[in-house]
Amino acid sequence: KLLNVCVFVCFVFCCFYRSMDGSVASTEEILPPTIQKLMKGYNKYLRPFFGNGPVTVGMSLDIASIDTISEINMDYTATIFLRQRWTDERLCFDGNKSLSLDGRLVELLWVPDTFIVDSKKSFLHDITVENRLIRIFPNGTVLYALRITTTVACSMDLTKYPMDRQTCTLQLESWGYNVKDVVFHWTRGNQSVSGLDHLQLAQYTLEDHYTSESEAVYETGNYPKLIFHFKLKRSILYFILETYVPSSALVVLSWVSFWISQSSVPARICIGVTTVLTMTTLMMGARTSLPNANCFIKAIDVYLGICFSFIFGALIEYAVAHFCTLHQPNAANAYMYGQEMQEREDEMNGIVTSIGSRALRARKREEMLSRMGSTSNPTPSESKEDINSSQPQTRCTKCMSTARQIVRCLYCCKVENPHYIDNYSRLTFPLSFIFINLLYWTYYLYF
């Protein structure tokens, strides 16, 4: 049985080997004579100029579209045409015309192992066939073009969102060949990237773009790298209409309660609570399209917080005014209330004056004793008694003066007419809101 199994395996292997030879022979038979001559003895596993220095690969990009730019995932999705050019001395032929080959013949040639560094997801378009192009020129230059859609990571700083500017990159590197084997360069410098002039983005405008060349340093060596930088500026008009105008309108709506009578409790409470709840809903809706990261305090969060503070302050203002109304003395006792406050102030002034006069008399007595010291010395018991009596009086005078100032401050904070609170609020709230808006827009637009 073991012998039968071995015979069967050998038979299958021989059949497979013959079929492979037939397929290779059939492939060579369908190729034109020029290509057959080029492919004769060609080893696709060895790079051009193997052992004679690095091969130079020139690259260019054509940006077909930038489909999405996501702040939540911090990436962008783009469709690009990647074109690579290099010279392979083994592919030189006689003639003055280039050869355009089927993209599937790329399996017979050596191609650079280029990859996109920060790519999260990429694919090569294959409808109706794989979107690849191979063109060989008489001097051995090879043009290899691909149509790729890729999702690339882009680190974003959202502290000034939605008045922010972002810089994203597209980095191309060689996977296995280091700088001793392959050298990358842009074919036409900054002009190597095209297609950006007619690019239309939903929330951004393209400010600038440029290219650069560098080396990627890893543990296994230094590898060639090409970088394409493009700067994006967010269009703020959408956010002004969607967030800033509604939130400002809610703040102005909360000020309507200042012109409503304080006796209309349901009306003022309804306006205050409704504006607070609406502002809360607006704040939650503005955060749905942003990453849930605590490290970002965005500009739109600052503005919504300012608006919420003013709306909540208008609600607290009515609570304070209503509380003062309940504790205000009525008109019949207004005169008695004023007389009582005046008597308390006069009494306080009298106490402070009497204590001050005592202290003054003690000081004069000390001066007279010091002058008469040369003629008659007072007894130690009398001088000690006078000094001890003057010190407590001086301390008491300072304490009473401080207490008088505190009482005056409390009297100043007391609102004799609660209706003045609404009158002051009608002016202070709008002016404060305008002033804070000037500071906000100046800082985030120009700094």
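For the range 177-186, indicate whether the set of residues that are in contact with a helix residue (DSSP H, G or I) (Cβ under 9 Å, 6 or more places away or on another chain), of a type in the set (F, W, Y) and assigned to a strand (DSSP E or B) is non-empty. Looking for residues that are in contact with a helix residue (DSSP H, G or I) (Cβ under 9 Å, 6 or more places away or on another chain), of a type in the set (F, W, Y) and assigned to a strand (DSSP E or B), one finds at least one in the range 177-186, hence yes.
Matching residues to (1) outside any loop (DSSP other than H, G, I, E, B); (2) on the phi > 0 side of the Ramachandran plot; (3) open to solvent by 40 Å² or more (accessible area, probe 1.4 Å):
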position: W110; (1), (2), (3): no, no, no
position: K121; (1), (2), (3): yes, no, yes
position: N139; (1), (2), (3): no, no, yes
position: Y144; (1), (2), (3): yes, no, no
position: I148; (1), (2), (3): yes, no, no
position: S155; (1), (2), (3): no, no, yes
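Can you find a residue that is out of contact with any helix residue (DSSP H, G or I) (no Cβ under 6 Å at 6 or more places or on another chain), hydrophobic (A, V, I, L, M, F, W, C) and at pLDDT 55 or above anywhere in the range 330-338?
No, there is no match, as no residue in the range 330-338 is out of contact with any helix residue (DSSP H, G or I) (no Cβ under 6 Å at 6 or more places or on another chain), hydrophobic (A, V, I, L, M, F, W, C) and at pLDDT 55 or above.
Within the range 430-439, can one find any residue that is under 30 Å from L326 (Cβ atoms), modelled with pLDDT under 70 and open to solvent by 80 Å² or more (accessible area, probe 1.4 Å)? No, that holds for no residue. In the set T87, T56, T79, only one residue is touching a Gly at 6+ places or on another chain (Cβ under 7 Å), of a type in the set (S, T, Y) and under 19 Å from E173 (Cα atoms); that residue is T87. Could you say whether any residue in the range 317-324 is over 26 Å from I436 (Cα atoms), modelled with pLDDT under 95 and open to solvent by less than 50 Å² (accessible area, probe 1.4 Å)? For the range 317-324, residues over 26 Å from I436 (Cα atoms), modelled with pLDDT under 95 and open to solvent by less than 50 Å² (accessible area, probe 1.4 Å): present. It is to be established whether one or more residues within the range 60-79 are surrounded by fewer than 15 Cβ atoms within 10 Å (Cβ to Cβ) and under 16 Å from F184 (Cβ atoms). There is no residue in the range 60-79 that is surrounded by fewer than 15 Cβ atoms within 10 Å (Cβ to Cβ) and under 16 Å from F184 (Cβ atoms).
Does I236 satisfy the criteria of being among the aliphatic types (A, V, I, L, M), closer than 21 Å to L427 by Cβ and in contact (Cβ under 8 Å) with a residue 12 or more places away in the chain?
Working: among the aliphatic types (A, V, I, L, M): yes; closer than 21 Å to L427 by Cβ: no; in contact (Cβ under 8 Å) with a residue 12 or more places away in the chain: yes.
In short, no.
Inspect all residues belonging to the range 265-277 and state whether any of them is in a strand (DSSP E or B), of a type in the set (S, T, Y) and touching a Ser or Thr at 6+ places or on another chain (Cβ under 7 Å). No, because not a single residue in the range 265-277 is in a strand (DSSP E or B), of a type in the set (S, T, Y) and touching a Ser or Thr at 6+ places or on another chain (Cβ under 7 Å). You will find that of S257, S261, the residue that is at pLDDT below 95, more than 28 Å from L158 (Cβ to Cβ), surrounded by 16 or more Cβ atoms within 10 Å (Cβ to Cβ) and of a type in the set (G, A, S) is S257 and no other. Considering every residue within the range 245-253, establish whether at least one is open to solvent by 40 Å² or more (accessible area, probe 1.4 Å) and out of contact with any helix residue (DSSP H, G or I) (no Cβ under 9 Å at 6 or more places or on another chain). Looking through the range 245-253, at least one residue is open to solvent by 40 Å² or more (accessible area, probe 1.4 Å) and out of contact with any helix residue (DSSP H, G or I) (no Cβ under 9 Å at 6 or more places or on another chain). Taken over the range 157-172, the criterion of being open to solvent by less than 30 Å² (accessible area, probe 1.4 Å) and part of a loop (DSSP other than H, G, I, E, B) is satisfied by L158, Y161, P162, M163, D164. Determine, yes or no, whether L290 is of a type outside the set (G, A, S), farther than 20 Å from T428 by Cβ and not in a helix (DSSP H, G or I). Against the criterion (of a type outside the set (G, A, S), farther than 20 Å from T428 by Cβ and not in a helix (DSSP H, G or I)), L290 qualifies. Here Q166 does not fit the description of being under 18 Å from K225 (Cα atoms), among the polar types (S, T, N, Q) and out of contact with any His (no Cβ under 7 Å at 6 or more places or on another chain).
I need the full set of residues from the range 272-298 which are touching a helix residue (DSSP H, G or I) at 6+ places or on another chain (Cβ under 8 Å), within 13 Å of S247 (Cβ to Cβ) and modelled with pLDDT of 90 or more, in order please. Those that are touching a helix residue (DSSP H, G or I) at 6+ places or on another chain (Cβ under 8 Å), within 13 Å of S247 (Cβ to Cβ) and modelled with pLDDT of 90 or more: T275, V276, T278, M279, T280, L282, M283.
The values are calculated or read from the model by the stated rules, or taken from the named source; none is laboratory data. Fair warning: this is a prediction, and the values are worked out from it, not measured in the lab. Ideal geometry is used to build each Cβ from the backbone, glycine not excepted, and the neighbour counts take in all protein chains shown. Surface accessibility is based on the protein's heavy atoms, side chains included, excluding ligands, DNA and RNA. Shrake-Rupley method; radii C 1.70, N 1.55, O 1.52, S 1.80 Å.
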